[in-house]
Structures are given as C-alpha cells and as structure tokens.
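A short write-up of the structure that comes next.
The values are calculated or read from the model by the stated rules, or taken from the named source; none is laboratory data. Remember, it's a predicted structure, so these values are computed and weren't measured experimentally. Here Cβ is always computed from backbone atoms with ideal geometry, including for glycine, and neighbour counts include all displayed protein chains. What goes into the accessible areas is simple: the full protein's heavy atoms, side chains included, and nothing from ligands, DNA or RNA. Shrake-Rupley method; radii C 1.70, N 1.55, O 1.52, S 1.80 Å.
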Amino acid sequence: MNITKRRFLQTVGSIGGVGAVYRSMQALGMTGIGTASASQLSLPSGSGNGRSVVILGAGISGLVAAYELSKAGYDCTILEATERAGGRNLTVRGGDLLEESDSRQNVQFGSRPDLYANMGPARIPYHHRTILAYCKEFGVELEVFTNDNRAALFHNRERFNGKAVASRQVNTDMRGYIAELLAKAIDRNALDSEFTSEDKERILAMLEKYGDLDDNRQYKGSSRGGFKRQQINAGLKSGELNSPLAFDELLQSDFWIYKLHFDQFLNQNPTLFQPVGGMDAIVNAFNERVGTLIQYRSIVKEIRKSADGVRIVVQQPVMNGQTVVVNADFAICTIPAPVLVDIPNDFFKDYLGAIKSLEFVPAVKIAYQTSRRFWEEDQAIYGGISWTDQDITQIWYPPYGYHRENGILMGAYIWGKEPGLRFSEMTPQERLQAAINQGEQIHSGYANEIATGVSRAWLKVPFQKGGWAYSNEIRETLQKPDGPIYFAGDQASALPGWQEGAVLAAHAAVQGISERVMSA
Ligand code: PHE
C-alpha cells in the first residue's frame, strides 16, 4: 500500500470506523478478488452527465454497457437490428417464431414453465463472477446446471459394437488400467531414478486406491463401474460386477480426446449454474432497467467518425426504411465480427484486420420436446451430457423438471466446423430428422419418444452469422478504442462464447470511456 493510500485510510478510520475503511478499500480496489455481491464496476454518479454513447447491439454486452453508463448519467441509445434484446442469449418456448436467413420455425412446445430450451448460452461456471454478480444484484434465481453425469453415455460408432457405454464404466475402467500400468512400471523399477523407495511404496498404495486395483495390483473391474443385470447398484444382494471395457477399445475410441476430461476444463468445471426458467431471465432483468433505451429493428448501415464523435447511419422501420443518423460522443460496437465486416465504416486498418481474422463457430443446437422422460425412466440419467462421434456431438438431458411427464432434451449441440456446416445447410425439417436418426444410435426407440423439435443454426441467424469466435487469443486491437469507437461483445475478450466475456468486454469499454471523460 502506498503512503498516501495508507494515510487516507487512517483518516477515514478515525472518522468513520472499520466499516468506512472497508468501504473505502473496496472503492480503491484493495479488497482482493471481486466478490459476486454486486457488479464490479462503479462509475462516479453524474460523471457522464451531458455525454452521449450509442451502443450497437442489445446483446448482453450492450445491455451491460447501457446499464452501467446510464447509472453514471450518460445519455445512452442502444441500436438493435432485431425485434428482441439478448442476442445469442435466446430461450425458446411454445408459440415463439424462430427465423433464419432462409427459414422460419414455429416452436410447438407445451406451455409448462419448464418446457423451454436455451438455444444459446446455457451454463454459467462458478468463477464467471461478473455475470453472476449481475444475477445476484438483480435477483435472478439460479439452479445447478449438470455438466457431468456418470450415468450419461459415451458413443463411438466404431467401438464396443457401436453401443453406447455408461460414463461410470468408461471413467472407472480408464482409471483402473492407467493405475495398473503405472504400478507395473514402478514394480519393474522403471521409475527408480524418479523416486525413493519410500515414495515408491506410497505411490503404489495410492495407485491401488486410485484405480481400485486388486491385491496383485491388477485392474479386474470395480464396483465403481456398476453391476450387471441389476439397477446399476448392488441392490439387496450384491450381484456380478460389470466386466471392464477392453482397454484397447477404450484407447481406440475418441472418448479420451476431450470428452472424458470435459469437466476438467476450467470453464466446464462444476459447479455450473443456469437461471431457473430459462437463460433469458438475465436479459429480462436488464430489460427492466434499460429496455427503454433500446431502439429495435434499427439496422446499422454505416459507422463513421465525425468531428466531435461518431455518426451512425441507421435504417429504421419508423422512417419507412429510410436511413436516419444518430450522433453521439462515443460508440460501443458489439456487432459480431462476421456481420461487422460488411458494414461500411471509418475503422483504421488494424481494426479491420482484427475483425476479419475472427472466424466464428457454425454452432447448431436442436431441442426436442419428448413424450416422456425416457432417459430418467429407463436409464436413471438425470441431467448431464451423452457424447457421440456422430455429427450431433452431444445430447443434453435437462437438469430440471425431474420426474415430470415429459421434458425438453437438447438432441444436438454441434460445435465442430464440418458437422456444423452440414447441419446449417439442412432445412429445419431435415435437421430434426437427421438428429433423430443419430440419437437412435444412442437411445434405441428414440424416434418414438419425440413429439416436436426446433433448431438453431447460428451461422444462418441474421445479424449474428455464427456462434462465437474460435480462438480465445485476445484481439488486443479490439480492446483499444479506434478514436471514439470502442469494441465489445465476447469477441473482444479472452472468453469468446461466454456471457462473462461479453460482460468483461463491456466493462472495459465503459471504463475506457469513463476515464477519458473524467480526465478531459
Ligand atoms: N460457452 C459455450 C459452451 O459451453 C460455448 C463454448 C464452448 C465456448 C467451448 C468455448 C469453448 O458450450
């Protein structure tokens, strides 16, 4: 702590006591990592009086920017090309109409509140503290989102006779075999140069527990992998263990490439959350606060720098499709790169280069309403993800609404480029059918369980043209203003494809504008 800060806090303490010191320390950013108790940005109130900011896009980033700036007195306008706020934060329900560039779908889900599907973001990791802070501040109720479920399935067409195998078996057996191998290597003194004999004993003891090895330190199966011909567990009389899956088949499968350790990725670690009733609860909360600042169906046609700020040319329905000009001191542009590249602008060429370099994932999601919760009834799968090497990539089971008569299943979540493009090119009807055929390989009788479905191919969504940027290499350029224009959206963060990235990028832009205004 430098001397002036210390003296300041001493003075505060002598007047206001411990509470006052703590609040001052908070304001000085001295209390360590931010807590999820409030948004972590606090512009001095009134500091934006008399200044205007035009925000391009009413997705999470734009909404956050408008919320924080308007609290500080800035005059904000949000230009949104579509008729709804939220951007990729999209929850669909019965009665909704989903439009893509060449198709329209009517969502025919039932009307119960749990019959919804998050077609964009669907999970929030525990350490995404800035978006979680807004959930807390706005009272958005959260529940646990289940990413990893040992009852869910791994499916590889070429392995195990094309039959899906339970995650509990894959996890247990893989671990058992690896423990056995390492124990063998140590037993045969292959690692003597690495360890003392005491260490060796300890490692062997650890491996026995880690892999559930037998007395000869061999892996012969484990109750951790479940039982045969029974309801998974031992039941009244412990039965026969499942035979271990063959090691060579496990090695030849694609499970271990990333699916088996998916929950180890920092952003996929438990605990993850979802808002109760749909991800758009976050959008609704922002809408209540800044909704009046949004001008819908306002398509940005030009982004220009003017003598004293920005000049945005917009096409608006109120003007019979004529263009109007919105002038402001600053702009925050959250328009996704694949859309932004085609908008005439005055950007410096470094910015154009950065924008062009952002390739987006052709992500696709397909959600079905089923006629019963067969995954729960037949296989005791409650939430989580089954994986397959087919194009659909994943099936997500709803981590809510358990034991109800039916539910919404995510029948595909595709993020690979080739499969994403294949599914994007199909008509909505073809997508539904193709994903049913593939789901049938994992759950036999699948087709008969499905009542209705809906798909979202983000590549084909007007004003989005993609899911998220592939690379999380920070586009430093986009984090610096181009004159009066600031860039935001998850694409301007090292967390592309996450709402946290959208929020952090908005905060950085807002902070940048505020510092500039306050030092002017
Ligand atoms: N956040 C999204 C998800 O969890 C998209 C994403 C996937 C982003 C993987 C980065 C990496 O599926």
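Points to keep in mind about this one:
- Residues whose placed amide H lies under 5 Å from that of E302, excluding near-sequence neighbours: V313
- Helix axis angle, 499-519 relative to the chain longest principal axis, alpha carbon, degrees: 30
- Within the chain, the ratio Rg/Rh, alpha carbon atoms throughout and Rh by Kirkwood, equals 1.04.
- Phi angles of the stretch 74-90 translate, via the Karplus equation with coefficients 6.51, -1.76, 1.60 and θ = phi - 60°, into HN-Hα couplings of 5, 8, 10, 10, 10, 9, 10, 5, 9, 9, 9, 8, x, x, 6, 6, 10 Hz per residue; Gly and Pro are given as x.
- Dipole of the stretch 129-215, positive end: most advanced residue of T196, G211, T130 [Cβ charges, Cα centre]: T130
- Ordering V364, F374, I395 by Cα displacement along the dipole of the stretch 341-431 toward the positive end leaves F374 in first place; charges were set at the Cβ atoms of Lys, Arg (+1) and Asp, Glu (-1).
- Acute angle (nearest 10 degrees) that the helix 167-187 long axis makes with the longest principal axis of the chain, alpha-carbon atoms: 70
- Prolate/oblate/rounded label for the stretch 170-283 (Cα gyration tensor, a/c 1.5): oblate
- Check: the stretch 135-190 dipole with +1 on Lys, Arg Cβ and -1 on Asp, Glu Cβ, in debye: 380
- Distance distribution P(r), the stretch 254-411, all Cα-Cα pairs, bin width 5 angstrom from 0: 2, 6, 10, 12, 13, 13, 11, 10, 10, 7, 4, 1, 0, 0 percent.
- Backbone amide hydrogens, once placed in the peptide plane, bring A412 within less than 5 Å of I366, W396, excluding anything fewer than 5 places away on its chain.
- Pairs of Cα atoms in the stretch 56-115 fall into 5 Å distance bins, from 0 up to the last occupied one, in shares of 4, 15, 19, 18, 15, 12, 9, 6, 2 percent.
- Note that the stretch 97-248, at 25 °C in a medium of 0.890 mPa s, gets a Stokes-Einstein diffusion coefficient of 121 µm²/s from its Kirkwood radius over C-alpha pairs.
- In order along the stretch 203-208, the Karplus-derived 3J(HN,Hα) couplings, from 6.51 cos²θ - 1.76 cosθ + 1.60 at θ = phi - 60°, round to 5, 4, 5, 5, 5, 4 Hz, and Gly and Pro are given as x.
- When the Cα positions of P275, T146, L182 are compared along the charge dipole of the chain, P275 comes out farthest toward the positive end, with charges on each C-beta of Lys, Arg, Asp and Glu.
- For peptides 136-143, 47-54, 462-469, sequence by mean Cβ density within 10 Å, most packed first: 462-469, 47-54, 136-143
- The stretch 263-328 and the stretch 137-197: distance between their alpha carbon centers, rounded to Å: 42
- Taking the protein heavy atoms of the chain in the context of the full set of protein chains, the accessible area attributed to carbon and sulfur is 50 percent at 1.4 Å.
- Inter-part distance where the stretch 332-385 and the stretch 494-520 are each reduced to a Cα centre, Å: 21
- Taking the inverse of the mean 1/r over every pair of distinct Cα atoms in the stretch 408-475 gives a Kirkwood hydrodynamic radius of 13.4 Å.
- Only the Cβ atoms of Lys and Arg (+1) and of Asp and Glu (-1) were treated as charged; on that basis the dipole of the chain about its Cα centre amounts to roughly 980 debye.
- From phi via Karplus (6.51, -1.76, 1.60), per-residue ³J(HN,Hα) for the stretch 149-162 in Hz, x at Gly/Pro: 9, 5, 8, 5, 10, 10, 9, 9, 4, 8, 10, 6, 6, x
- Ranked packing of 73-80, 443-450, 324-331, 62-69, most packed first, by mean Cβ within 10 Å: 62-69, 73-80, 324-331, 443-450
- Out of every Cα-Cα pair that the stretch 370-494 contains, those further apart than 26 angstrom amount to 37 percent.
- Largest first, the extents of the alpha carbon coordinates of the stretch 333-410 on the three principal axes equal 59, 25, 16 Å.
- Dipole moment magnitude, nearest 20 debye, the stretch 403-481 about Cα centre, only Lys, Arg, Asp, Glu C-beta charged: 360
- Rounded to the nearest 5, the antiparallel percentage of DSSP beta bridges internal to the chain is 75%.
- Computed from Cα atoms, the angle from the helix 3-27 axis to the main principal axis of the chain rounds to 70 degrees.
- Amide H contacts under 5 Å for T452: Q369, restricted to partners 5 or more places along the chain or on a different chain, H placed in the peptide plane at 1.01 Å from N.
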